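Trainee: Have a look at this one.
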Amino acid sequence: MGKVSTKNKIVWTILIAFSFHLVACSDVSLVAPEKPVVAVESKGDFCISEPDEVLKSTKFLFIVDKSGSNADTDPGGKKRSGNIESFVLSQKESEFLQYGVVVFGDGAEAYTTDESGAPGFTPSQSSAIKAARRISSEGDGGGTPYQSGLGMGRSLIANDIAKNRDADVTYIVFFISDGEPTDLDMNSDIGFPSFGDYDLETLDQLVDDIVSVGGKRIYLSTAFYGPNGDDAKDLLKRMSKRGKGKYVNFEENENWDFNDLIIKPDYEPWQLKTLLVYNISAGFCLDGSIATDSDGDGMCDKDEVELQKFGFDPRNRFSFGDGYGDYFHWLHHRYQKDLPPCTDRSDFDLDLLTYCEERFIENEDPNANPQMIHGDPLNPDTDYDGIIDGVETFVFFTRTRSFAMNPNNLSSVQYDFEEQAGEQIYQHRNPLVRDSQQAAYDADYWPESKDDIKTCYGFKMNTLPLYETLEVSVENTLPGLAHKAGENVVLIYYLQTYQDSPNGKAVYRYSYQVLRKNDLRTDTQAGLKVKDSIFETYIP
């Protein structure tokens with residue numbers, strides 16, 4: 001912001017006094033309802049995602065035997081490298097898939113690195129293929145040290161989990177060998193061991209150490225390509241059973257299908273957590289009423305017009321030219337806390353707040369989660385209460401900037417002693433003032449049996465107030481919120497979570513729709529379009 005001149009300090013003192021007067025009044029006054037120009041009706045239906053429709057990240061780890069016996073079982077490594085390469089190429093190039101390659105023979109070595117250059121998983125198919133080709137380009141040698149291979153594999157997974165603790169990842173481990181372990185023989189001094197002479201307790205523990213690390217979904221499958229004895233097959237079968245994976249004998253096959261080793265985890269069913277309709281073109285005013293907010297910055301047009309001489313523009317969310325919307329500049333002067341210099345207007349998680357704004361809102365409520373210090377720019381619902389961060393901030397900005405960090409504030413009735421705050425937000429009413437006569441949104445949805453796999457819902461809304469607006473250009477607002485004069489941008493969204501973690505991170509499905517009041521009729525064709533195809537998806 002820079003230094004403020006004495007003249008500007010006087011001006012802002014007047015502005016602050018004016019704002020405090022409005023806010024003080026709004027906290028106690030009975031607000032007359034803003035009569036909507038149009039109350040448009042909407043109907044429709046939609047289905048939340050199938051369990052396998054929203055992708056989870058999967059990381060494949062190949063632990064590959066490079067012992068000297070491969071000179072006979074797979075000369076030149078053609079089967080090992082070629083089949084791994086074929087598997088990688090058969091997968092879609094996707095940010096949700098990554099690959100790791102570990103070899104064991106003379107010790108163990110990781111052939112893949114992560115984005116930092118450390119041994120780990122790579123999202124690059126070309127890097128994974130390059131690692132696979134090293135198996136054939138570099139000679140085989142040494143014994144068959146299962147412990148070394150499994151230990152290196154566990155290290156890769158443990159390090160990956162430590163770097164990505166919040167990631168929802170499934171790890172599929174392929175352990176591939178042509179023979180028996182050379183480092184688990186309990187009686188090496190009496191010659192070639194029998195199955196009972198192997199240290200099975202250590203082998204079991206090695207498998208347990210992999211599949212239990214970090215509390216993630218980890219499956220270990222094994223494959224044999226022999227032909228060095230039945231003991232190897234029995235040991236590999238034992239490992240796959242303990243690792244909750246599969247076992248395949250590739251001994252007679254030139255072409256290996258690693259899909260035969262993939263465990264398809266039971267997909268957790270989704271549930272609908274919340275659905276909300278929010279007219280972004282209707283804001284919460286300084287006097288507590290609800291009226292036109294053309295630029296969707298959280299400040300009513302009438303307030304910005306009143307404050308135009310201080311630089312506010314009702315047609316520009318970013319009147320002050322940085323990464324903060326106008327209501328944040330109002331907040332800055334109300335709370336006398338500097339806005340850190342920031343110009344990043346990215347709204348990564350599509351919650352109506354820029355990156356700058358997410359980092360500015362902060363937890364100042366002792367009852368909120370102490371781990372939530374600022375808004376999360378990659379999670380549209382930082383406090384997991386079902387209301388996206390931008391809506392909570394717009395509603396409560398005249399009181400505090402910490403509501404997006406408090407998962408308990410929606411149940412309060414102490415702000416205006418009417419309905420709970422959350423219920424009023426769903427009705428697009430102001431929970432800070434008494435406004436029971438305000439036109440209330442009445443979006444309703446109910447389960448419908450239309451699909452044997454997905455859970456589907458019917459939708460109806462009879463009251464959706466629309467307002468006269470000014471034109472707002474693309475460069476003066478967030479993506480998707482530009483519109484012509486007289487048009488309203490309406491957000492309809494729902495959050496879906498796994499049934500066993502309703503308070504965890506949710507998949508955000510949303511739709512911005514432009515409704516023009518002058519074109520509206522009384523039939524349902526003119527309102528919101530509610531069907532599966534209109535929703536876009538953001539996955540935290």
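Trainee: Determine whether the stretch 443-451 contains at least one residue that is buried (at least 23 other Cβ atoms within 10 Å of the Cβ) and either among the β-branched types (Val, Ile, Thr) or part of a loop (DSSP other than H, G, I, E, B) (or both).
Mentor: Among the residues of the stretch 443-451, not one is buried (at least 23 other Cβ atoms within 10 Å of the Cβ) and either among the β-branched types (Val, Ile, Thr) or part of a loop (DSSP other than H, G, I, E, B) (or both), which makes the answer no.
Trainee: Please find, within the stretch 297-330, the residue that is nearest to LEU350 (Cα to Cα) out of those that are among the hydroxyl-bearing types (Ser, Thr, Tyr) and under 29 Å from the mean Cα position of the chain (by Cα).
Mentor: TYR324
Trainee: Further, regarding this structure: Is there a residue in the stretch 325-335 that is part of a loop (DSSP other than H, G, I, E, B) and surrounded by 18 or more Cβ atoms within 10 Å (Cβ to Cβ)?
Mentor: Scanning the stretch 325-335, I find at least one residue that is part of a loop (DSSP other than H, G, I, E, B) and surrounded by 18 or more Cβ atoms within 10 Å (Cβ to Cβ), so the answer is yes.
Trainee: Under 8 Å by Cβ, and 6 or more places apart or on different chains, what pairs join a residue from the stretch 183-207 that is on the phi > 0 side of the Ramachandran plot and modelled with pLDDT under 50 with one that is among the basic types (Lys, Arg) and surrounded by 12 or more Cβ atoms within 10 Å (Cβ to Cβ)?
Mentor: Close Cβ pairs satisfying both conditions: none exist.
Trainee: For the stretch 276-292, does any single residue satisfy the condition of being more than 34 Å from the chain's Cα centre (by Cα) and of a type in the set (D, E, K, R)?
Mentor: Checked against the condition, which is being more than 34 Å from the chain's Cα centre (by Cα) and of a type in the set (D, E, K, R), the stretch 276-292 yields at least one hit.
Trainee: If I ask for residues that are at pLDDT below 90, of a type outside the set (S, T, N, Q) and farther than 14 Å from ILE176 by Cα, which ones from the stretch 235-274 would you list?
Mentor: Once the filter is applied, which keeps residues that are at pLDDT below 90, of a type outside the set (S, T, N, Q) and farther than 14 Å from ILE176 by Cα, the stretch 235-274 yields GLU252, GLU254, ILE263, LYS264, PRO265, ASP266, TYR267, GLU268, PRO269, TRP270.
Trainee: Could you please let me know if LYS92 is surrounded by fewer than 17 Cβ atoms within 10 Å (Cβ to Cβ) and within 31 Å of the chain's Cα centre (by Cα)? Even if it seems obvious, please write down each step before you answer.
Mentor: Numbers: surrounded by fewer than 17 Cβ atoms within 10 Å (Cβ to Cβ): yes; within 31 Å of the chain's Cα centre (by Cα): yes.
Judged against the criteria, LYS92 is a match.
Trainee: Further, regarding this structure: Looking at the stretch 269-291, is at least one residue more than 26 Å from ILE425 (Cα to Cα) and either free of Cβ contacts under 8 Å to residues at least 60 places away in the same chain or not aromatic (Phe, Trp, Tyr) (or both)?
Mentor: Yes, the stretch 269-291 contains a residue that is more than 26 Å from ILE425 (Cα to Cα) and either free of Cβ contacts under 8 Å to residues at least 60 places away in the same chain or not aromatic (Phe, Trp, Tyr) (or both).
Trainee: Residues in the stretch 447-467: is at least one at pLDDT 95 or above, touching a Ser or Thr at 6+ places or on another chain (Cβ under 6 Å) and within 25 Å of LEU272 (Cα to Cα)?
Mentor: no
The values are calculated or read from the model by the stated rules, or taken from the named source; none is laboratory data. Everything quoted here is computed from the prediction, not taken from an experiment. Cβ: placed from backbone, ideal geometry, glycine included. Neighbour counts: every protein chain shown.
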